[in-house]
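The structure appears right after this line, and notes come after that.
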Amino acid sequence: MPGTDLEEAARQARRLVADLEAEAAAIAESTAEGPDDEHDVEGSSIGFERLRVAALLGRAEASLKAIEEALARQRAGGYGRCLSCHGPIGRERLDALPTAELCIDCARSSRA
């Protein structure tokens, strides 16, 4: 059932966001303890790690937002309907992209 899949995806996305927020906080805490040359001799630079975690966190937050919007559409009875033409979004498209807001035709025309 799509709703159950979306709810599980939301739980997983929330856990990922929380994990990445904790990782970002740990990086910030480690650099706040004193002067540092911004480089861990054992691996990548602290600056690189900060940017990597920030990018992953931004992506995870965007994914969570899309999932939550799909859940809201489902609760409102509009899940699986195109937001542009209001026609059905194909089952195959929803299976591949459960957060899809547009049918394949509208998605193609919006890229043109």
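Would you check if Ala70 is among the small types (Gly, Ala, Ser), in the same structural domain as Ala28 (by TED's automatic domain parsing) and part of a helix (DSSP H, G or I)? Talk me through it step by step, then tell me what you get.
On the way: among the small types (Gly, Ala, Ser): yes; in the same structural domain as Ala28 (by TED's automatic domain parsing): yes; part of a helix (DSSP H, G or I): yes.
Judged against the criteria, Ala70 is a match.
Mind telling me which of the residues Cys85, Cys106 ends up being at pLDDT 95 or above, within 28 Å of Asp5 (Cα to Cα) and part of a helix (DSSP H, G or I)? Give the derivation first.
Numbers: Cys85 fails: part of a helix (DSSP H, G or I).
Of Cys85, Cys106, the one residue that is at pLDDT 95 or above, within 28 Å of Asp5 (Cα to Cα) and part of a helix (DSSP H, G or I) is Cys106.
Among the residues of the range 59-112, count how many are basic (Lys, Arg), over 18 Å from Ala9 (Cβ atoms) and surrounded by fewer than 12 Cβ atoms within 10 Å (Cβ to Cβ). If you could, list the steps in order and put the result at the bottom.
The first filter runs over the range 59-112 and keeps only residues basic (Lys, Arg), leaving 59, 65, 73, 75, 81, 91, 93, 108, 111.
Now restrict to residues that are over 18 Å from Ala9 (Cβ atoms): 81, 108, 111.
Applying the additional criterion that residues be surrounded by fewer than 12 Cβ atoms within 10 Å (Cβ to Cβ) yields 108, 111.
Looking only at that region, the number is 2.
Of everything in the range 79-96 that's basic (Lys, Arg) and under 18 Å from Ser110 (Cα atoms), which residue is farthest from the chain's Cα centre (by Cα)?
Taking the range 79-96 and keeping what is basic (Lys, Arg), we get 81, 91, 93.
Those still in the list that are under 18 Å from Ser110 (Cα atoms) too: 81, 93.
Details: Arg81: 21, Arg93: 18 Å.
Checked the range 79-96; the qualifying residue farthest from the chain's Cα centre (by Cα) is Arg81.
Which of the residues belonging to the range 28-57 are modelled with pLDDT of 90 or more and either of a type in the set (S, T, N, Q) or in contact with a helix residue (DSSP H, G or I) (Cβ under 9 Å, 6 or more places away or on another chain) (or both)?
Across the range 28-57, the qualifying residues are Glu49, Arg50, Val53, Ala54, Leu56, Leu57.
The values are calculated or read from the model by the stated rules, or taken from the named source; none is laboratory data. Note that the structure is predicted; figures quoted are calculated from it, not measured. Note that we place each Cβ from the backbone using ideal geometry, even for glycine, and neighbour counts take in every protein chain shown.
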